[in-house]
1. Filter the stretch 277-295 down to the residues that are surrounded by fewer than 20 Cβ atoms within 10 Å (Cβ to Cβ), in contact (Cβ under 8 Å) with a residue 40 or more places away in the chain and not acidic (Asp, Glu) and list them by number.
2. Would it be correct to say that residue 205 is surrounded by 19 or more Cβ atoms within 10 Å (Cβ to Cβ) and under 30 Å from residue 318 (Cβ atoms)?
3. Name every residue in the stretch 268-302 that is part of a helix (DSSP H, G or I), aliphatic (A, V, I, L, M), touching a strand residue (DSSP E or B) at 6+ places or on another chain (Cβ under 9 Å) and over 30 Å from residue 356 (Cα atoms), in order of residue number.
4. Give just the number: which of (1) surrounded by 17 or more Cβ atoms within 10 Å (Cβ to Cβ); (2) of a type in the set (A, V, I, L, M); (3) closer than 19 Å to residue 259 by Cβ does residue 59 not satisfy?
5. When the residues of the stretch 92-114 are filtered to those that are of a type in the set (S, T, N, Q) and outside any helix (DSSP H, G or I), which remaining residue is nearest to the ligand (Cβ to nearest atom)?
6. Does any residue of the stretch 243-259 turn out to be touching a Gly at 6+ places or on another chain (Cβ under 8 Å), among the aliphatic types (A, V, I, L, M) and at pLDDT 95 or above?
7. Residue under question is residue 85, and the condition is that it be at pLDDT 95 or above, in the same structural domain as residue 212 (by TED's automatic domain parsing) and on the phi < 0 side of the Ramachandran plot; does it hold?
8. Can you pull out every residue in the stretch 74-91 that is more than 9 Å from the ligand (Cβ to nearest atom) and either out of contact with any Cys (no Cβ under 8 Å at 6 or more places or on another chain) or β-branched (Val, Ile, Thr) (or both)?
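The values are calculated or read from the model by the stated rules, or taken from the named source; none is laboratory data. Fair warning: this is a prediction, and the values are worked out from it, not measured in the lab. Heads up, the Cβs are rebuilt from the backbone with ideal geometry, glycines too, and the neighbour counts pull from every protein chain shown.
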Amino acid sequence: MINPNWKTETLVIQGGYRPKATEPRIVPITQSTTYKYEKADHIASLFDLDCADHMYTRISNPTWAAFEAKMAQLEGGVGALATSSGQAAIAMAILNICSSGQHIVSASTLYGGTHALFHNTFSKMGIGFTSVDPDASIEEIKAKFTPETRLLYAESIGNPGLNVLDFEKFATVARQMQVPLIIDNTFPTPYLCNPLTLGANIVVHSATKYIDGHATSVGGVIIDGGTFEWSADKYPEMTEPDPSYHGLRFTEKFGATAYIVKARVQLLRDLGMCLGPMNAFMFNHGLETLHVRMERHCSNALQIAKFLEQHPKVSWVSYPGLQSHPSYPLSCKYLPKGGGGVLTFGIKGGIDAGRRFMEATQLIAMVVHVGDVRSCVLHPASTTHRQLSPEEQLASGVLPDLIRLSVGIEHIDDIIADIEQALAKS
Ligand SMILES: *Cc1c(COP(=O)(O)O)cnc(C)c1O
């Protein structure tokens, strides 16, 4: 059994899967689409949701179940749902409680994929989206709400500004407006920050980043805090009969786990954005070293941020663990173990210097990714955001001189030496 007093460092290793005598010590990869039964009634009870055994790997699978249980333990939730990607986790976390004609309020500082999902795809589906400056006051954030708003959304560390969320403020707004607060906790991971203890109701992750940690697999996860009171007027799908399950009412039947059960048995069943068993195995494996990796990612990133701040070819550095960062007080409050592994900086000489720097790095690889044990670099203005006009680039926070570093866990001296020689060629 899981000891409720175990700390994160123990849960990342021992959580989720506890084998009995003679069972495999390591979570097996259950590469099977389906499961065998002895009695017809058993299958009927699965379809009626009277029994939670595995039925079909679009809905559940033992390898993901171990990953889900570990993530729920790490975030302090009542349940979790593994998904095929971080994007799938975000989409399903929202579609589970928000449909056509309804509305989302979100912090404006968002991962590009999330912004595209809200701005383009959700709007085509009839779901409205209003973004708000995360520095706005409680009253200003509340003013963005309409009677149809069904949730408040933010990232614990925003992208690309690396702003740390004022959890107290956002949790207060969500509570007063009686909607759940959904937090993307990808950048800090459950090792650095646990949003459910800070007033969030639901957490999503791109497991592709630090949870995997080795750039092998795409996947995501939703964790349900089980704390939100679903009211019948705003969330009838949670409280009223579901015709696809003979009139079952999720809140009545599943209590605190209603939200996450519904996400699995309705949305995952219907949309099929499920994780592969092999990827769940990789995430279980990655999690086992999350604490040691994150410690080194944070200490390397802080040392590099300080090094860059002193460098004559660098005009600015943004890292939440630096005293010069506007989020430093929030970082001290919410990220006491470290500011994460991602930092951005401005290179003197603008867009051309940025491209030259990126092409001159040798140890640090040019990659469209973060959260890997290997150091990675990206100059968005000449690569991922090149199609945008200069105005659009600025609006999405991509300055022409901005370089993003996802600091790996190699020896600090070697990373700094590579940055130094690449800056010399920029
Ligand atoms: C990468 C990322 C996502 C999307 O996750 P995928 O696994 O790539 O689908 C969402 N949010 C944040 C903060 C991310 O970094």
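1. Across the stretch 277-295, the qualifying residues are 278, 289.
2. Numbers: surrounded by 19 or more Cβ atoms within 10 Å (Cβ to Cβ): yes; under 30 Å from residue 318 (Cβ atoms): yes.
Criteria met by residue 205.
3. Hits for the stretch 268-302 are 268, 280.
4. Of (1) surrounded by 17 or more Cβ atoms within 10 Å (Cβ to Cβ); (2) of a type in the set (A, V, I, L, M); (3) closer than 19 Å to residue 259 by Cβ, only one is false for residue 59: (1).
5. Top of the filtered list is 109.
6. Scanning the stretch 243-259 turns up at least one residue that is touching a Gly at 6+ places or on another chain (Cβ under 8 Å), among the aliphatic types (A, V, I, L, M) and at pLDDT 95 or above.
7. yes
8. Taking the stretch 74-91 as the starting set, the residues that turn out to be more than 9 Å from the ligand (Cβ to nearest atom) are 74-82, 91.
Hits for the stretch 74-91 are 74, 75, 76, 77, 78, 79, 80, 81, 91.
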